[in-house]
1. Taking the stretch 71-93 on its own, how many of its residues are without any contact (Cβ under 8 Å) to a residue 40 or more places away in the chain and surrounded by fewer than 17 Cβ atoms within 10 Å (Cβ to Cβ)?
2. Any idea which of (1) more than 21 Å from residue 17 (Cβ to Cβ); (2) surrounded by 13 or more Cβ atoms within 10 Å (Cβ to Cβ); (3) at pLDDT 80 or above is the one residue 125 doesn't satisfy?
3. Working carefully through the options 2, 34, 57, 72, find the one that is touching a helix residue (DSSP H, G or I) at 6+ places or on another chain (Cβ under 6 Å), farther than 14 Å from residue 125 by Cβ and modelled with pLDDT under 70.
4. As an exercise: evaluate residue 104 against (1) part of a loop (DSSP other than H, G, I, E, B); (2) surrounded by 14 or more Cβ atoms within 10 Å (Cβ to Cβ) and give the number of the one condition it does not meet.
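The values are calculated or read from the model by the stated rules, or taken from the named source; none is laboratory data. Since the model is a prediction, treat every value here as computed from it, not as a measurement. Backbone-built Cβ (ideal geometry, glycine too); neighbour counts: all protein chains shown.
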Amino acid sequence: MGRIKNLNKWANAHTYYPLDLVRIALGTFLFIKGIDIMQSFKTLSELIEPIQHLTGGMAAIHYVIPAHFVGGVLIVFGLLTRWAVLAQIPILIGAVLINFLGEMNTTNLILSATVLLLCIFFLFYGSGKHSADYYLEMQN
């Protein structure tokens, strides 16, 4: 717990509006990607087809869409950012692995790797000073 407080203090001292815009863009992208996945559910089913018969394979399909919806909104507002990003990381690791195990699509690989790196950054950085987390923390 002390380590997270230290990270929050450092992030609040080094917060900048461009980082907040990156956080908001990341959340918006994840939310829109959730809508895209929901509209092309057949494509997602085809991607996850090799693991569909494993335990939890179908649960993985039903995890991705709500995680992107809820996580995207939470990241945009900066509320529970670390938890929301933590929920995205397994999905993004899977997205990167799908490009290596299946058909290689360099655009999707670069996009998913970039979003994964941004999520790892915000996992350590947190939501910053211009967020709902900071506002609620200051109310106490």
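1. Here the count works out to 5.
2. Only one criterion in (1) more than 21 Å from residue 17 (Cβ to Cβ); (2) surrounded by 13 or more Cβ atoms within 10 Å (Cβ to Cβ); (3) at pLDDT 80 or above is unmet by residue 125, namely (1).
3. Exactly one residue qualifies, and that residue is 57.
4. Condition (2) is where residue 104 drops out.
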